[in-house]
Amino acid sequence: MEQQSGREDIEVKGHVASERGKRLRKARKIVDLLGMDLAGKSVLDLGTGAGVIAEYLVSQGAVVTAADRDTSAFAVDGLEPARLEDLSLPFEDEAFDAIIFNHVIEHVGDRPEQAILLAEIRRCLRPGGKLYLAVPNKWALIEPHYKLPLLGALPRGVSNVLVSKLGRHTFYDCFPFTRGELAAFLAKHFETTREVTADAYFWVADHEISGAAGNVLGKAPKGLVRSLSGAMPTLIFVCTKAAR
């Protein structure tokens, strides 16, 4: 799902991730970090891409709606994705028990546009519903979309010139967050926000890194890992809409 940030003359570059094994592992991590039984629950996979995460959610018993601006890569039998035209979500109020918004918000536009979509997400969540949101860290050593060092942390004009001069795209079309920016941004829309960046670190150590390396990483002091969360390449929060 991508937005042009007010520049209708510039084509937005797609960033669909479709490598199946990697996406399935990510889907399992998302469900574990979300921390809710999805059986029978209504779940929106917002910015679904190829649909691998949506497919895994179905396997967990969820009633899944998949949506994206570009649905051309979607390939899940028995599931028809909704095509999004703008920042307004074409769903009823309080339609979903959970919404998965994984590495998408950085693509929808600048902060005002991101705020519009986050308000739409809140509208579509039922009371007590949860949002899973992951976004690249602005201070990531290597920017994940263009693989350039500290690209997200550079001034916007410099990032635009760098991406353009290297022939990667006409401008830098991502708007990542720092940890502090993201926490404050989410707190404006949700009564409860819980950072799970460190929990994701331990999940990866336990489930994705084998042998001695996984054991060493998994035994790192939790307090130390949490203190270093602001430097991790991905920031992850679970937000809950207040129950009535």
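Judged by the mean number of other Cβ atoms found within 10 Å, the most tightly packed of the peptides 201-207, 44-50, 23-29 leads the ranking 44-50, 23-29, 201-207.
Using a cut-off of 20 Å between Cα atoms, the listed pairs K22/K147; K22/K138; K147/K219; K29/K222; K22/K165; K26/K130 include K22/K138; K147/K219; K22/K165 as exceeding that distance. Taking each DSSP H run with n ≥ 4 as -39500 (n - 2.57) and averaging over every residue of the chain yields -10000 deg cm²/dmol at 222 nm. Our summary gives segment 145-244 a relative contact order of 29 percent, counting only alpha carbon pairs under 8 angstrom and 6 or more residues apart. Segment 52-106 and segment 107-150 have Cα centres separated by 15 Å. Surface composition of the chain: carbon and sulfur atoms hold 54% of the protein heavy-atom accessible area at a 1.4 Å probe. A 1.4 Å probe run over the protein chains yields, for the chain, 47 Å² of accessible area per residue, whole-number rounding. By its C-alpha gyration tensor, with a ≥ b ≥ c as the square roots of the eigenvalues, how is segment 70-193 shaped: rounded for a/c under 1.5, else prolate for a/b larger than b/c, else oblate? Oblate is the answer for segment 70-193, as a/c is 1.5 or above yet b/c matches or exceeds a/b.
A simple count of charges around P233, restricted to other residues whose Cβ falls under 11 Å of its Cβ and scoring Lys, Arg +1 and Asp, Glu -1, yields 0. On full extension, the segment bounded by T178 and A82 gains 31.5 nm, given 0.36 nm per residue less the C-alpha separation. Per-residue SASA remark: R20, around 120 Å² accessible (1.4 Å probe; ligands, DNA and RNA not included). Computed on the chain, with alpha-carbon pairs under 8 angstrom and 6+ residues apart, the relative contact order is 19 percent. Each listed q (0.17 Å⁻¹) maps to a log10 I(q)/I(0) for the chain, found by the Debye formula over equal Cα scatterers with no solvent: -1.43. Taken along the Cα-to-beta-carbon direction at a fixed 7 Å, the label points for H189 and K219 span 4.1 nm. In this simple spin-label model, placing a label point 7 Å from the Cα along the Cα-to-Cβ direction at both S210 and S164 gives a separation of 4.7 nm. Accessible surface of T71, taken over heavy atoms with a 1.4 Å probe and every protein chain present, rounds to 40 Å².
The values are calculated or read from the model by the stated rules, or taken from the named source; none is laboratory data. These numbers were taken from a predicted model, which means no experiment stands behind them. Please note: Cβ atoms are built from the backbone with ideal geometry, for glycine as well, and neighbour counts cover all protein chains shown. Keep in mind that these areas ignore ligands, DNA and RNA; they rest on the heavy atoms of the full protein, side chains included. Shrake-Rupley method; radii C 1.70, N 1.55, O 1.52, S 1.80 Å.
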